[in-house]
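Only one structure is covered here, and it is reproduced in the block below.
Where a number appears in this text, it was derived from the coordinates with a stated rule and is not lab data. Predicted, not measured: the structure shown is a model, and the values here were computed from it. Cβ placement follows ideal geometry from the backbone for every residue including glycine, while neighbour counts extend to all protein chains displayed.
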Amino acid sequence: MESARKQEIIAEAAQLFATRGYHATSMRDLAKALALQGGSLYSHIDSKEELLWLIVDEAASQFLAMLHAVTASDTPPEATLRDAVRGHVGVIANDLAAATVYFHEWRFLTEPRRSAFLARRRDYEARFRQIVAAAVVDSPAVDPKWATTLILSATNWLYQWYDPAGPLPPDELADRYITMLFHGILMPQPVP
């Protein structure tokens, strides 16, 4: 029961932080949204920042678990990269509120949580870059660092505009990203 209630609190906090912003959301707002007395909220959590940490830490865990699963299979490098892009899009699309908090509100973490978050994010990006590097090994004109930045920058913006009720399910959306990112929007041109 305790765990279910805490998960409900975390989910509601993610929604409020995503729509109002971390600083604009008070604990009173959260208690009201959950139909709780303000004091009883603190029997489940220690602070508002703890909620922020729990949200971004869980999102980071989901991204890393997805990459672990993708790299655990014995698929060719290009297929692994495709699976990583699909997985990345899936993590974002499956919980837009948590993704919004992960990409935007993490800045309000204080030390040592801020450093821990940034270390996990750097680890994820480094692992993603390894996948990209393996996939582009035969393409010397492609810098894995820049390609990784392009892929993650393009897909990370989903939290701003993606509508789960819209016409594109996450897999189809990921496939569109993959087509454009892997093949470009114009005919391939030699790199000067």
Q | Listed residue (A97, L67, L51) projecting farthest to the positive dipole end of region 49-103, Cβ model | A | L67
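Please give the contour-minus-distance gain from L150 to A119: 0.36 nm per residue of separation, less the Cα-Cα distance, rounded to one decimal in nm. Walk me through the numbers before you get to the answer.
Numbers: separation 31, 0.36 × 31 = 11.16 nm, distance 2.03 nm.
Here the answer is 9.1 nm.
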Q: Would you list, by chain and number, the lysines whose Cα falls below 28 Å from the Cα of K32, excluding same-chain residues fewer than 8 positions away?
A: K6, K48
Q) When Lys and Arg each count +1 and Asp and Glu each count -1, what net charge do the other residues less than 15 Å away from F117, Cβ to Cβ, add up to? A) -2
Q: Apply 1/(1 + (r/R0)^6) to the Cβ-Cβ distance of A35 and K6, taking R0 = 22 Å, and write down the FRET efficiency to the nearest 0.05.
A: 0.90
**Q.** Value of relative contact order over region 47-183, rounded to a whole percent, pairs C-alpha under 8 Å and six or more apart
**A.** 34 percent
Q. If R0 is 22 Å, what FRET efficiency do you get for S139 and A79 from their C-beta distance, rounded to 0.05?
A. 0.90
Q) How far is the Cα center of region 3-75 from the Cα center of region 112-130, in Å? A) 19 Å
Q: Work through the residues other than A65 whose Cβ is under 14 Å from its Cβ and net out their charges, Lys, Arg +1 and Asp, Glu -1.
A: -3
Q. If you work out Rg/Rh (Cα atoms, Kirkwood Rh) from the coordinates, which of (1) 0.93; (2) 0.96; (3) 1.04 do you get?
A. (3)
Q: Rank-order 81-87, 163-169, 178-184, 29-35 by packing density, defined as the average count of other C-beta atoms within 10 Å over each peptide's residues, highest first.
A: 81-87, 29-35, 178-184, 163-169
Q.
Placing unit charges on C-beta atoms (Lys and Arg positive, Asp and Glu negative, everything else neutral), compute the dipole magnitude of the chain about its Cα centre in debye, rounded to 20.
A. 460 debye
